[in-house]
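Below: the structure, in structure tokens.
The values are calculated or read from the model by the stated rules, or taken from the named source; none is laboratory data. What you see is a predicted model, and the numbers here were worked out from it, not measured in a lab. No Cβ is skipped: glycine too gets one built from the backbone with ideal geometry, and neighbour counts run over all protein chains shown. Calculation scope for accessible area: heavy atoms of the full protein, side chains included, ligands and nucleic acids excluded. Shrake-Rupley method; radii C 1.70, N 1.55, O 1.52, S 1.80 Å.
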Amino acid sequence: MRESLSLFSWALLFSCCWVTQAEIFTSISHMTDLVYTEKELVQSLKEYIKAEESKLAAVKSWANKLDALTKVSTSDPEGYLAHPVNAYKLVKRLNTEWSELESLVLQNPSDGFVSNMSMHRQYFPGEEDKTGAAKALMRLQDTYQLDSEAFSKGKLPGMHSNAMLTVDDCFDMGKTAYNDGDYYHAVLWMQQSLKQLDAGEEAVISKADILDYLSYSVYQMGDLPRAVELTRRLVAIDPSHERAGGNLRYFERLLFKQLNELKQTQQSASEEPIQLGTYIRPKDHLPERDTYEALCRGEGVQMSEARRSRLLCRYQDGKRNPRLLLKPIKEEDEWDSPRIVRFLDMLSDEEIEKIKELAKPRLARATVRDPKTGVLTTANYRVSKSAWLEGEEDPIIDRVNQRIEDITGLTVDTAELLQVANYGVGGQYEPHFDFSRKDEPDAFKRLGTGNRVATVLNYMSDVEAGGATVFPDFGAAIKPKKGTSVFWYNLFRSGEGDYRTRHAACPVLVGSKWVSNKWFHERGQEFRRPCGLTEVD
């Protein structure tokens, strides 16, 4: 099947950053650099076009002059050459000027452009990036229940843009899913590609290629009548197709056998177009997938009006901490049990920009700890880049750490470094625990500070759509708000893990999400948060 290159340009726009690894799509911050790179390449391309036009103009001028001259000379060659000046100029032209013209024609104005391309090519996204970016769109499609046409036409919740997908883009999306054995998404995107092609949109890819992938994907989804109908369309378009005839006979035999077993007569395939909901999405590794995604959409939040009325706001001075007496922090209850609070005006814009400035050069693909081996590794369910900042690096980091200690009452001496994260295309972190469970006792052994007792999550950007922090166990959804922080305990006072705190960062639908985390550990908190008398105190 013919390869289409149109998605390359789309992936370049949506999934690039200044790294050489194949994880370019995982940070929006890094992608902004390559936006300027592309602008530079466009300028280089314009300069090349200008040079080519200048060269062609010079050649055209030569051609016009010589055309007029040869018309005169060929009308009466002997008479023309009878004049000694004409004879001299003919010899001179053929000896010198035509060589100059040859040199002009052989000039290659593309050298500068090619050199510029070669210099920047090391930063271009690879195949893994293109695949990651495509899967990110499919993840957003699933989480926020958006059909393929919404993406294709740039219609996302709360916004409409000119960022549209062509027939070839949609085909490449479908092909990415197909190559990954994901026939559910292959069907959705091949169908959208076919729809746009049938509507008259121009494309490099042929209808036969689309029908080839679509018919087989539909068959894999168990819809034999539609697979037969689509394959018949393929055979009608391309009777000599290498697979279509064999596939059609095979599908027809399976359908005949199926109808006989069910004692049904053959019916025509459904005329309803394939869309989101036509087929059931296959289950995956995440048991709370439906609950998690519903919360990301703002559905299923388990907060009654009666409970909400008991949530309060207050000024928090950290139990009369001297640094907070004159300027206490505003605190709001986000949830009652387990208790989650939000601190307002926790970080200033100046502090946020400094933290981002320090973190950006060090952003690397965020990792998770393999529960079986204890080794840190990358995972598809965590799509972001992170960096760790020490308090000694800048007075602002030290100041933020001190403020976190003051407002929570927990020491940062045994806490982890400030982790800064920026999420990429469809950036997310699926449901997880911050603390280590009993089946992974060595998770934080190297630190020697015990388990993660509490979490402070700082929101360093607003997010236009998506990106909420959700807790599937008790149905909470907390939206990012720049400059605020949320705080909760991961462990009961007894040291036992609070399994209700399993949480997730929803995929970012529109925007660039920046956060930073401070994880407190048990050691050093003995007198700041004394043990309780029961397991769940």
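With Val218, Val235, Val228, Val204 as the choices, which residue is touching a Ser or Thr at 6+ places or on another chain (Cβ under 6 Å) and among the β-branched types (Val, Ile, Thr)?
Val204
So which residues in segment 458-471 are open to solvent by 20 Å² or more (accessible area, probe 1.4 Å) and not small (Gly, Ala, Ser), if there are any at all?
Once the filter is applied, which keeps residues that are open to solvent by 20 Å² or more (accessible area, probe 1.4 Å) and not small (Gly, Ala, Ser), segment 458-471 yields Asp462, Val463, Glu464.
Out of everything in segment 458-473 that is part of a strand (DSSP E or B) and either of a type in the set (A, V, I, L, M, F, W, C) or not assigned by the TED database to the domain that holds Tyr499 (or both), what residue ends up being farthest from Arg339 (Cα to Cα)?
Pass one, segment 458-473, residues part of a strand (DSSP E or B): 458-459, 465-466, 469-471.
From the residues that got through so far, the ones that are either of a type in the set (A, V, I, L, M, F, W, C) or not assigned by the TED database to the domain that holds Tyr499 (or both) too are 465, 470-471.
Numbers: Ala465: 26, Val470: 14, Phe471: 12 Å.
Checked segment 458-473; the qualifying residue farthest from Arg339 (Cα to Cα) is Ala465.
Out of the residues in segment 120-136 that are of a type outside the set (Asp, Glu) and buried (at least 22 other Cβ atoms within 10 Å of the Cβ), state the one that is farthest from the chain's Cα centre (by Cα).
Pro125
Can you name the residue in segment 142-184 that is within 21 Å of Val204 (Cβ to Cβ) and of a type in the set (A, V, I, L, M) and is also most open to solvent (accessible area, probe 1.4 Å) among such residues?
Going through the qualifying residues, I end up with Met164.
Show the residue pairs that are 6+ apart or on different chains and have beta-carbon atoms under 7 Å apart, the first residue being within segment 394-418 and assigned to a helix (DSSP H, G or I), the second being small (Gly, Ala, Ser).
Ile397/Gly391; Asp398/Gly391; Asn401/Gly391; Asp406/Gly318; Ile407/Gly318; Thr408/Ala454
Do any helices (runs of 4 or more DSSP H) entirely within segment 270-369 hold 2 or more residues that are open to solvent by 70 Å² or more (accessible area, probe 1.4 Å) and farther than 22 Å from Ile478 by Cβ, and if so, which?
Answer list for segment 270-369: 322-325, 349-359.
Conditions first: (1) under 30 Å from Phe527 (Cβ atoms); (2) not in a strand (DSSP E or B). Gly426 passes all but one, so which condition is the exception?
(1)
Pull up segment 370-390, narrow it to residues that are at pLDDT 95 or above and open to solvent by 10 Å² or more (accessible area, probe 1.4 Å), then point me to the one that is farthest from Glu23 (Cα to Cα).
Of all residues in segment 370-390, those at pLDDT 95 or above come to 387-390.
Narrowing further to those that are open to solvent by 10 Å² or more (accessible area, probe 1.4 Å): 388, 390.
Working: Trp388: 18, Glu390: 25 Å.
Filtering first and then ranking leaves Glu390.
With respect to Glu229, is the statement that it is open to solvent by 20 Å² or more (accessible area, probe 1.4 Å), at negative phi and in contact (Cβ under 8 Å) with a residue 40 or more places away in the chain true?
Yes, satisfied.
For segment 516-536, give me the residue count where each residue is open to solvent by 100 Å² or more (accessible area, probe 1.4 Å) and within 30 Å of Ser386 (Cβ to Cβ).
2
Right, Pro507: buried (at least 19 other Cβ atoms within 10 Å of the Cβ), free of Cβ contacts under 8 Å to residues at least 40 places away in the same chain and of a type outside the set (Asp, Glu) or not?
It is false that Pro507 is buried (at least 19 other Cβ atoms within 10 Å of the Cβ), free of Cβ contacts under 8 Å to residues at least 40 places away in the same chain and of a type outside the set (Asp, Glu).
Considering only segment 484-537, how many residues are out of contact with any Ser or Thr (no Cβ under 8 Å at 6 or more places or on another chain), outside the structural domain of Thr408 (by the TED database) and of a type in the set (Gly, Ala, Ser)?
So the answer is 0.
Given the condition of a type in the set (A, V, I, L, M, F, W, C), under 23 Å from the mean Cα position of the chain (by Cα) and more than 21 Å from Glu416 (Cβ to Cβ), answer yes or no: does some residue in segment 523-532 qualify?
no
It is to be established whether one or more residues within segment 27-36 are open to solvent by less than 60 Å² (accessible area, probe 1.4 Å), part of a loop (DSSP other than H, G, I, E, B) and modelled with pLDDT under 85.
Yes, segment 27-36 has at least one match.
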